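J.: Just dropping this structure here.
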Amino acid sequence: MSETILHKVLIVDDERDMLNLLAKVLVKKCSCSVVTATSAEEALERIHAEPPAAVLTDIKMPGMDGLEFLRRMIAIDPAITPILMTGYGTIEMAVQALKDGAYDFIEKPFDNERVIRTVSRALERTRLLRENVQLHQRLSGQDTIHGFIGRSKRLLQTVEMLERIARSNVTVLIRGESGTGKELAAKALHALSPRAARPMVTVNCPALPEHILESELFGYRRGAFTGAERDKTGLFVEAGGSTIFLDEIADIPVSVQTKLLRVLQEKEVQPLGQNKTLKVDVRVVASTNQDLETKIRRGEFREDLFYRLNGMTVTMPSLRSMVADIPLLAQYFLERSSREHGRENLEFTAEALQALMQRHWHGNVRELQNVVNRAVLLCQGTSIGTGDLWDDHGAACSSGREDEQGQGAQPSLDQLPYREAKNALLHQFNAAYLASALKTAGGNVTLAARACGMERQAFQRLLRRYQIESRSFR
């Protein structure tokens with residue numbers, strides 16, 4: 001889809017002065033190209049020839065009126081974002097138009113700033129819808145690199161780093177927040193290395209108690225301790241000629257850290273109950289989402305081990321640093337979850353994609369995956385809207401708060417800086433207040449706005465800001 005089409009607006013009105021005035025405003029303020037038509041019939045011809053991104057149309061026109069034009073326009077291209085212009089006495093028609101698929105309506109006489117804001121949002125909506133259509137083709141392989149989904153600069157830089165160091169034997173420390181794909185990076189390092197012919201051995205360090213972790217890593221001989229009835233080969237020996245991945249290494253006890261340091265220094269292990277050591281040929285990759293420097297200062301992590309592990313550091317990007325990849329990731333998770341749960345043909349609305357891109361993802365890619373999976377399970381129609389991503393109070397769903405190790409939790413207000421805590425509290429209040437008003441009014445925006453002592457347009461702007469859909473309360 002060309003940039004020209006993505007920024008093209010069609011204005012339809014039988015008054016030429018109105019067409020010229022609106023065209024000048026939009027070209028100057030919205031950085032878009034504008035074409036005009038003086039009738040719905042002429043506008044349909046233009047749409048057939050080259051669909052615009054948004055259409056700004058009057059309702060009352062000679063011949064075909066705006067409502068019929070709206071229905072035919074959407075039938076030609078559902079991605080076009082229609083905005084209705086209404087005069088005195090046509091508000092009821094505008095409300096019907098919203099039910100029929102119009103994005104918004106603007107009352108005459110116009111407020112230029114309102115027109116500019118509405119058209120700008122409409123152009124963004126169409127861009128998201130049309131890019132979403134292209135995601136299916138893009139996911140065929142060209143945007144999947146060694147298991148990573150995306151084309152953002154930050155992600156590509158990380159993947160390039162993995163490719164450059166994969167063929168060496170250097171020890172790698174993968175750092176990053178919970179849910180950023182540290183294990184996926186370890187798998188990519190192994191798959192791209194000369195050791196790929198043998199399976200990578202993964203050790204979930206926090207999941208094993210100290211005495212078990214030590215015996216699992218280094219092995220033991222029969223009689224080494226009570227219950228040791230036979231010899232056991234340690235994971236370092238099993239990983240000979242391959243890669244061992246020590247996931248969340250910050251959680252291993254200091255006593256095990258000491259023995260691990262010897263493995264990295266001498267390339268040998270000593271099983272429990274055995275005097276002689278065994279040489280090992282293994283590449284070590286470790287990961288952590290914790291601040292190792294702070295743990296070193298507290299005496300909880302050996303500094304010499306840190307420097308041994310830190311032969312090369314790869315820092316995984318957070319989801320907020322690659323927002324442009326969110327639609328692609330969301331579509332990937334949607335297709336995977338749809339197949340898993342037998343719910344084919346689901347798609348995101350443009351508003352849902354926009355909400356996903358605006359969200360601060362504390363749980364990163366893992367949280368996004370959980371949110372999409374939840375939406376696939378709960379969505380009642382064929383389109384996933386913001387109401388399927390968030391609960392009835394307009395708050396974000398909680399699926400990314402706790403993973404299996406209790407990490408990825410969203411911080412409480414007293415853990416946030418003052419400004420962030422204040423904004424979070426205001427967001428919670430506004431979302432809950434608006435949702436309560438809509439629930440009382442049965443989803444009727446006009447009644448809800450009146451009960452709140454607000455103008456309907458101001459109330460609608462707040463609904464959009466907090467990604468709340470009135471239809472969820474009907």
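J.: Looking at (1) modelled with pLDDT of 90 or more; (2) loosely packed, with under 15 Cβ neighbours inside 10 Å, find the lone condition where Asn275 falls short.
T.: Here Asn275 meets the rest and fails (1).
J.: Among the residues in segment 26-41, are any over 35 Å from the mean Cα position of the chain (by Cα), in a helix (DSSP H, G or I) and modelled with pLDDT of 90 or more?
T.: For segment 26-41, residues over 35 Å from the mean Cα position of the chain (by Cα), in a helix (DSSP H, G or I) and modelled with pLDDT of 90 or more: present.
J.: Which pairs turn up if I take residues in segment 94-117 that are more than 19 Å from Leu22 (Cα to Cα) and look for partners that are polar (S, T, N, Q) and not in a loop (DSSP other than H, G, I, E, B) with beta carbon separation below 7 Å, at least 6 apart in sequence or on another chain?
T.: What qualifies is Ala94/Thr86.
J.: Oh, and also: Out of the residues in segment 42-55 that are in contact with a Pro (Cβ under 8 Å, 6 or more places away or on another chain) and in contact (Cβ under 8 Å) with a residue 40 or more places away in the chain, state the one that is surrounded by the fewest Cβ atoms within 10 Å (Cβ to Cβ).
T.: The residue in question is Ala54.
J.: Additional query: For segment 212-224, which residues satisfy the criterion of being among the aliphatic types (A, V, I, L, M) and either assigned to a loop (DSSP other than H, G, I, E, B) or within 13 Å of Arg283 (Cα to Cα) (or both)?
T.: If the condition is that a residue be among the aliphatic types (A, V, I, L, M) and either assigned to a loop (DSSP other than H, G, I, E, B) or within 13 Å of Arg283 (Cα to Cα) (or both), then Ala224 is the only one that fits.
J.: If we scan segment 86-101, do we find a residue that is modelled with pLDDT of 85 or more, farther than 15 Å from Pro52 by Cβ and among the aliphatic types (A, V, I, L, M)?
T.: Among the residues of segment 86-101, not one is modelled with pLDDT of 85 or more, farther than 15 Å from Pro52 by Cβ and among the aliphatic types (A, V, I, L, M), which makes the answer no.
J.: Could you give me the residue pairs with C-beta distances under 7 Å whose first residue belongs to segment 448-474 and is assigned to a helix (DSSP H, G or I), whose second residue is of a type in the set (Val, Ile, Thr) and surrounded by 16 or more Cβ atoms within 10 Å (Cβ to Cβ) wherever it lies, and which are 6+ apart or on separate chains?
T.: Arg456/Val445; Phe459/Val445; Gln460/Val445; Ser470/Val445
J.: Hey, among Gly87, Gly63, which residue is under 17 Å from Lys108 (Cβ atoms) and surrounded by fewer than 15 Cβ atoms within 10 Å (Cβ to Cβ)?
T.: On inspection, the qualifying residue turns out to be Gly87.
Residues are listed down the side, and each one gets a yes or a no for (1) of a type outside the set (Phe, Trp, Tyr); (2) assigned to a loop (DSSP other than H, G, I, E, B); (3) at pLDDT 80 or above:
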residue	(1), (2), (3)
Gly381	yes, yes, yes
Glu402	yes, yes, no
Asn423	yes, no, no
Leu426	yes, no, no
Ala432	yes, no, no
Ser436	yes, no, no
Lys439	yes, no, no
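J.: Sticking with this one: Just to be sure I understand, how many residues within segment 363-379 are part of a loop (DSSP other than H, G, I, E, B), in contact (Cβ under 8 Å) with a residue 60 or more places away in the chain and surrounded by fewer than 24 Cβ atoms within 10 Å (Cβ to Cβ)?
T.: Summing the residues that are part of a loop (DSSP other than H, G, I, E, B), in contact (Cβ under 8 Å) with a residue 60 or more places away in the chain and surrounded by fewer than 24 Cβ atoms within 10 Å (Cβ to Cβ) in segment 363-379 gives 0.
J.: Tell me, please, whether a residue that is assigned to a helix (DSSP H, G or I), modelled with pLDDT under 85, over 30 Å from Leu192 (Cα atoms) and of a type in the set (Asp, Glu) can be found in segment 54-76.
T.: Looking for residues that are assigned to a helix (DSSP H, G or I), modelled with pLDDT under 85, over 30 Å from Leu192 (Cα atoms) and of a type in the set (Asp, Glu), one finds none in segment 54-76, hence no.
J.: I've got another one for you. Take the residues in segment 216-256 that are farther than 16 Å from Cys205 by Cβ and of a type in the set (Ser, Thr, Tyr), then tell me which one is nearest to the chain's Cα centre (by Cα).
T.: The selected residue is Ser242.
J.: Of (1) more than 34 Å from the chain's Cα centre (by Cα); (2) outside any helix (DSSP H, G or I); (3) under 28 Å from Glu163 (Cα atoms), Gly299 satisfies all except one. Which?
T.: (3)
J.: Looking at segment 329-340, is at least one residue among the acidic types (Asp, Glu), at pLDDT below 90, assigned to a helix (DSSP H, G or I) and under 19 Å from Arg125 (Cβ atoms)?
T.: No, because not a single residue in segment 329-340 is among the acidic types (Asp, Glu), at pLDDT below 90, assigned to a helix (DSSP H, G or I) and under 19 Å from Arg125 (Cβ atoms).
J.: Still on this structure, I have one more. Filter segment 225-277 down to the residues that are assigned to a strand (DSSP E or B), touching a residue at least 40 places away in the same chain (Cβ under 8 Å) and closer than 19 Å to Gly311 by Cα and list them by number.
T.: Residues satisfying the conditions are Thr243, Ile244, Phe245, Leu246, Asp247.
The values are calculated or read from the model by the stated rules, or taken from the named source; none is laboratory data. Bear in mind that the values here come from a model prediction, so they are computed numbers and not experimental data. Note: ideal-geometry Cβ built from the backbone for every residue, glycine included; neighbour counts use all protein chains shown.
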